[in-house]
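The values are calculated or read from the model by the stated rules, or taken from the named source; none is laboratory data. Given the structure is predicted, the values throughout are model-derived calculations rather than measurements. Please note: Cβ atoms are built from the backbone with ideal geometry, for glycine as well, and neighbour counts cover all protein chains shown. Heads up: the accessible areas ignore ligands, DNA and RNA and are worked out on the full protein's heavy atoms, side chains in. Shrake-Rupley method; radii C 1.70, N 1.55, O 1.52, S 1.80 Å.
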Amino acid sequence: MRVTVLAVVLAIAATACATPTPGPAAQQTSRSPASTSATASDKREPTLKAELTLQGKPGLGLLTVTNEGTTPLTFQGWPKLSFTTPADELAAIPVEQKLVPGEGPSITLEPGRTAFAGVQLDVGDEAGSVAIGSMTAELPGATPAEVTFIGTDGRPIADTSSLKVSEAEVGTLQPAAQGVLTFG
């Protein structure tokens, strides 16, 4: 009888050794999908708000881009601008990058903070001008933002199709608005 009990105890012990019990590694693996999704949501691309406030000189505007996301965004240089027609088709408007007011510094745009760039649109009814439906501003690491046009009266321009643009110039992004509108 002792031999039988000893054999049963050894058999149970051998089975327990062969079948690992969930330890910390197994528990970590079972939680990894939740950890992964939390990490992915922490790395969401920042959301931008972009506005182009038109100045007194035709076609001259102050572009502001505000980080409305929850994580900082670091960049240097120029925003990428693109245009669509009122029919929502890509408009082939060339955009020249200018060193206005000078070389752009590296900027870390914390949530809620704004960067600035000057924009000069060549507006008029000349050949090659295209009526625009919208303008988009894009910064590296951020979702592109449709630009809201603000008139000289301080109000949003609902219909931008009256703006006929043949080309555009954009200055470097700066941490302050001072000097960004000095196109020559």
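Taking region 136-179 as the range and being of a type in the set (D, E, K, R) and open to solvent by 50 Å² or more (accessible area, probe 1.4 Å) as the test, the residues that pass are E138, E146, D153, R155, D159, K164, E167. Out of P86, P46, P58, P111, I need the residue that is closer than 20 Å to T160 by Cβ, touching an Asp or Glu at 6+ places or on another chain (Cβ under 9 Å) and part of a loop (DSSP other than H, G, I, E, B). Which one? P86 is the lone residue from the list that is closer than 20 Å to T160 by Cβ, touching an Asp or Glu at 6+ places or on another chain (Cβ under 9 Å) and part of a loop (DSSP other than H, G, I, E, B). Taken over region 96-135, the criterion of being closer than 14 Å to G61 by Cα, open to solvent by 20 Å² or more (accessible area, probe 1.4 Å) and within 19 Å of the chain's Cα centre (by Cα) is satisfied by F116 alone.
Given the options P79, P46, name the one that is under 30 Å from A137 (Cβ atoms), open to solvent by less than 40 Å² (accessible area, probe 1.4 Å) and at pLDDT below 90. After ruling out the rest, the residue left standing is P46. When E89, E167, E103 are screened for being farther than 18 Å from A50 by Cα and free of Cβ contacts under 8 Å to residues at least 24 places away in the same chain, only E89 passes.
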